[in-house]
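The values are calculated or read from the model by the stated rules, or taken from the named source; none is laboratory data. The model shown is predicted, which means the values in this text are computed figures rather than measured ones. Please note: Cβ atoms are built from the backbone with ideal geometry, for glycine as well, and neighbour counts cover all protein chains shown.
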Ligand SMILES: *Cc1c(COP(=O)(O)O)cnc(C)c1O
């Protein structure tokens, strides 16, 4: 029997089973459909398919069963009715914007978004006459003040990277809806295992599947989740025409990643929490940014909005960039890389990498201290991760 409606099942069950429809081979694990096109039994059937009068596969730019299985599984996890998979997280953001916006439209975006998202809005959408106003993720009043008649999208990430600030999704969704605009939430840091933005009024959820959905740092991919009209028709329509699609192989990796998402996220969160508490007590650490700590400014909001506090911890060491580099360069185990959401713990110096292209004043305004280090807690033993960071911290 095939299950079409996954709403009666718990998220952990959906993560393992939703989306896959067995072929006539009756396989247990999801197959990879490595084919660019699909055949028809007659010229008439081909004509009907191309005219859109017949469902079924046509061409893997827009219909591939492995990709569709991933889309259905992620939609079932987020609680959206439609999902469109894309070649990267950035392709998901671009596809959403180009599908839904026209020249003259206006975006209000949180300042705390991924660096390439900032560049996309400022350097590329601006060329098409789409303007962006930047506001603080933690001050909903600023969002209301920034509204213009032509505002169509409010855009945010929560928690933010790398400072783990928490935006109030419900409050900002209400501002968007009172104005007839859409709230788009990039749910990369939490994944549906920790936070489901639709429950707080978001209209569209974006993913970089590259991070926790894969979970082992193998493939680049993305997704847009939402309803039939905005995502199923408009974003899908853009994707089928413009072509920033996901490969079947990558979709298969992400499908398998989703099966262990809940378990992995629990471990990432537990490790990050333990690291955050230890770092907060270390004399070489001036400040720790982690929503699970009671002195985090939006600790209560994080508690309401998320089921756990996430796998990313940032901290400022006393002594600026030389001290931060000292700590990073004394690790032996951790991966010095900007990626996150991996089984392998990664360590990054944002001021000289992900935020290195900002002018020093802009970095200061964004709260990125030169002594800031971001850690994406992996699945190694937390004792070993701590010992690797302690080598540099203890010798400062
Ligand atoms: C990595 C990332 C993206 C971009 O995703 P890619 O798959 O690298 O294109 C977007 N948003 C967030 C929060 C990210 O961390």
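Picking from residues in the stretch 214-229 that are in a loop (DSSP other than H, G, I, E, B) and out of contact with any helix residue (DSSP H, G or I) (no Cβ under 8 Å at 6 or more places or on another chain), the one that is nearest to the ligand (Cβ to nearest atom) is 217.
Residues in the stretch 245-258 that are under 14 Å from residue 210 (Cβ atoms) and in a loop (DSSP other than H, G, I, E, B): 246, 247.
Look at (1) over 23 Å from the mean Cα position of the chain (by Cα); (2) modelled with pLDDT under 95; (3) on the phi < 0 side of the Ramachandran plot and you find that residue 56 fails only one, number (3).
Among the criteria (1) crowded, with 17+ Cβ neighbours inside 10 Å; (2) under 19 Å from the mean Cα position of the chain (by Cα); (3) under 30 Å from residue 249 (Cβ atoms); (4) away from the ligand (no atom under 11 Å from the Cβ), the one residue 211 does not fulfil is (4). Within the stretch 314-330, the set of residues being part of a loop (DSSP other than H, G, I, E, B) and touching a strand residue (DSSP E or B) at 6+ places or on another chain (Cβ under 6 Å) comprises 318 only. If the condition is being assigned to a helix (DSSP H, G or I), under 22 Å from the mean Cα position of the chain (by Cα) and free of Cβ contacts under 8 Å to residues at least 40 places away in the same chain, then the stretch 342-396 contributes only 351.
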